[in-house]
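Here the structure is laid out as structure tokens; the discussion comes afterwards.
The values are calculated or read from the model by the stated rules, or taken from the named source; none is laboratory data. Not measured: the values here are computed from a predicted model. Don't worry about glycine lacking a Cβ; one is built from the backbone with ideal geometry, like all the others, and counts go over all protein chains shown. Remember, those area values only see protein heavy atoms, side chains included, never the ligands or the DNA or RNA. Shrake-Rupley method; radii C 1.70, N 1.55, O 1.52, S 1.80 Å.
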Amino acid sequence: AGTGEKIEEIEAFHPERMASRILGMGDVLSLIERAESQLDVKKAEQMARRLTENKMDYNDMLDQFAQVRKLGPIKQILSSLPGMDKHLKEADIDDSQMDKQMDRTVAMTKRERACVDAINPSRKRRIAAGSGTKVEDVNRLIKQFEQMQQMMKQFGGKGKKRRRMMGMPPPGAFPR
């Protein structure tokens, strides 16, 4: 079955999955299959480890953006989830926003991406000029990153009970 115009958008036809798409119940199995074929498992495990240790930096954020882009347009990814069809009709999802965030992150130097606290106002101006955006846009990226860090701090608490509640693996669960 074709899901788009490109050759990569042809997938095996599964009648029950197509029926669930038509009924607006999503197609989680196809999304999982696509994720398994597109995403790098070693990178995902490494990212999970860094997140649980709360050592996330802009390089990790850039990797996450790249991984999501591999899966396809965000609207298509969300349409695979059950019950999202109603919300997607009303939502205006723009994939170019993620591309712009990636551009701002790429405009950073290696040190700025690795050392989160290294970005001061003059560096923000340089990043904005390098990415062809405004300083406010760079501030928005930094704010988004800080919110992600805060969320990961909540998930990555030291307690076993909290990890179990969030469905996260214990430290050392991933082989090195």
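For E136 and A48, the FRET efficiency from 1/(1 + (r/R0)^6), where r spans their Cβ atoms and R0 equals 30 Å, is about 0.40.
Largest accessible area first, the listed residues L39, L141 line up as L39, L141 when surface is computed with a 1.4 Å probe on the assembled protein chains. Please give the net charge around Y58, taking every other residue with its beta carbon less than 15 angstrom from that of Y58, where Lys and Arg add +1 and Asp and Glu add -1. After counting each charged neighbour, the total is +4.
Applying Stokes-Einstein at 4 °C and 1.567 mPa s to the Kirkwood radius of region 45-145, computed over alpha-carbon pairs, gives a translational diffusion coefficient of 86 µm² s⁻¹. Accessible surface ranking for E5, E16, 1.4 angstrom probe, highest first: E5, E16.
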